[in-house]
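The values are calculated or read from the model by the stated rules, or taken from the named source; none is laboratory data. On a predicted model such as this, the values are computed, not experimentally measured, just so you know. Heads up, the Cβs are rebuilt from the backbone with ideal geometry, glycines too, and the neighbour counts pull from every protein chain shown. Heads up: the accessible areas ignore ligands, DNA and RNA and are worked out on the full protein's heavy atoms, side chains in. Shrake-Rupley method; radii C 1.70, N 1.55, O 1.52, S 1.80 Å.
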Amino acid sequence: MELKEKVALVTGAASGIGKAYVEELLNQGAMVSICDINNEAGEELVNTLAVKHGKNRVMFSHCDVTDYSQFEESFEATLAAYGKIDIVVNNAGIMNDRFWELEVDINLNGVIRGTLLAQRYLGTDRGYGGGVVVNTGSNCSIHPYVSVPIYSATKSAIVSLTRAFGDQYHVELTGVRVMALCPNATNSNLVRDVGKQLLSPRYEDAWRRDTVSSVSQKAEHVAKALIHILNNGKSGSVWRVENGQTPREVCFPKA
């Protein structure tokens, strides 16, 4: 996929992996809509990136992915600014099993909303040019962590959603391809005080076992993996990126 002059909408884009996605997409010549609930961080990032890439190539839209109408407004604002949307990256997410209802609403329902909106605002059946959706999963999507069962469930569900909506049946209906990128441990803001993010303090020993072999990678490496799958991935594919290595496609047994 040639990224020059493409328009990308990225959620959870003001910090962490989302911010790295934005910067790499801009480096590749795309125009980017930064969608985030944090107005201050989002607007500051736009101002910084506009100096390097031009103020007409990056914009900010306040976006709470748990609110469908507000999420839709971000799509409409992006469309109004750039005339099209080619790429949607559903990246917004939290890890806090203590607030599991919010966790499910952001991590899973937010991705569902973003995928449905992408089909609506990119779909060839709606008069648009088609495009691609990339959903950010996790290594927990493939191998659930005992210590964060609810977080793992949300990330595992993203893989099933991606594989189903990425099937050629849906691609032929909408012209929208869907893929997932599942990073291993990454330097981001996801884990701040793990003791307060686990469902029970008793799970801390399980967290240590789950993460004992994890080698943290840079968010910038995950962003380069995003470009790799945009260029090489097929709809419905799921990719792991870990330990700073080249992303590799996850193979699932055929039904």
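Applying the condition of being more than 16 Å from Val133 (Cβ to Cβ) and either acidic (Asp, Glu) or out of contact with any His (no Cβ under 8 Å at 6 or more places or on another chain) (or both) to segment 69-91 and asking which residue is surrounded by the most Cβ atoms within 10 Å (Cβ to Cβ) yields Tyr82.
One residue alone among Leu26, Leu45, Leu9, Leu3 is surrounded by 15 or more Cβ atoms within 10 Å (Cβ to Cβ) and under 13 Å from Val88 (Cβ atoms), and that residue is Leu9.
Could you say which residue among Asn232, Asn139 is farther than 21 Å from Ser15 by Cα and not hydrophobic (A, V, I, L, M, F, W, C)?
Checking each option against the conditions leaves just Asn232.
Taking the stated definitions as given, is Lys155 under 25 Å from Phe252 (Cα atoms), among the charged types (D, E, K, R) and at pLDDT 95 or above? Yes, satisfied.
If the condition is being assigned to a helix (DSSP H, G or I), basic (Lys, Arg) and over 30 Å from Gly130 (Cβ atoms), then segment 146-193 contributes no residue at all. Filtered by the rule that a residue be surrounded by 22 or more Cβ atoms within 10 Å (Cβ to Cβ) and more than 16 Å from the chain's Cα centre (by Cα), segment 146-163 gives Ser147, Val148.
Out of the helices (runs of 4 or more DSSP H) lying entirely within segment 25-133, which hold 3 or more residues that are more than 27 Å from Pro144 (Cα to Cα)? Explain how you work it out, then say what you get.
On the way: elements: 39-53, 68-82, 100-104, 110-122.
Correct list: 39-53, 68-82, 110-122.
Taking the condition of a type outside the set (S, T, N, Q) and at pLDDT below 95, does Met31 pass? Spelling it out, it is not the case that Met31 is of a type outside the set (S, T, N, Q) and at pLDDT below 95.
Could you list all residues from segment 184-195 that are under 17 Å from Ile106 (Cβ atoms), open to solvent by 70 Å² or more (accessible area, probe 1.4 Å) and either in contact (Cβ under 8 Å) with a residue 24 or more places away in the chain or in contact with a helix residue (DSSP H, G or I) (Cβ under 9 Å, 6 or more places away or on another chain) (or both)? Asn189, the sole residue that qualifies.
What are the residues in segment 202-255 that are among the polar types (S, T, N, Q), under 20 Å from Val22 (Cβ atoms) and touching a residue at least 40 places away in the same chain (Cβ under 8 Å), if any?
Selection gives Asn231 alone.
Return a yes/no flag: does segment 10-24 have any residue that is touching a residue at least 24 places away in the same chain (Cβ under 8 Å), part of a strand (DSSP E or B), under 12 Å from the mean Cα position of the chain (by Cα) and closer than 16 Å to Lys224 by Cα.
Scanning segment 10-24, I find at least one residue that is touching a residue at least 24 places away in the same chain (Cβ under 8 Å), part of a strand (DSSP E or B), under 12 Å from the mean Cα position of the chain (by Cα) and closer than 16 Å to Lys224 by Cα, so the answer is yes.
In the set (1) out of contact with any helix residue (DSSP H, G or I) (no Cβ under 9 Å at 6 or more places or on another chain); (2) in contact (Cβ under 8 Å) with a residue 40 or more places away in the chain; (3) surrounded by fewer than 18 Cβ atoms within 10 Å (Cβ to Cβ), Gly166 fails one condition alone, (3).
Per this entry, Tyr203 is not counted among residues that are open to solvent by less than 20 Å² (accessible area, probe 1.4 Å) and among the aromatic types (Phe, Trp, Tyr). Of all residues in segment 217-232, those satisfying the criterion of being surrounded by 14 or more Cβ atoms within 10 Å (Cβ to Cβ), over 15 Å from Val88 (Cα atoms) and of a type outside the set (Lys, Arg) are Gln217, Ala219, Glu220, His221, Val222, Ala225, His228. Would you mind stating whether Gln168 is polar (S, T, N, Q), over 17 Å from the mean Cα position of the chain (by Cα) and at pLDDT 95 or above? The answer is yes for Gln168. Scan segment 171-183 for residues that are within 21 Å of Gly137 (Cβ to Cβ) and open to solvent by 50 Å² or more (accessible area, probe 1.4 Å) and report the count. Summing the residues that are within 21 Å of Gly137 (Cβ to Cβ) and open to solvent by 50 Å² or more (accessible area, probe 1.4 Å) in segment 171-183 gives 1. Looking across segment 29-41, the residues that are open to solvent by less than 30 Å² (accessible area, probe 1.4 Å) and under 16 Å from the mean Cα position of the chain (by Cα) come down to Val32, Ser33, Ile34, Cys35, Asp36.
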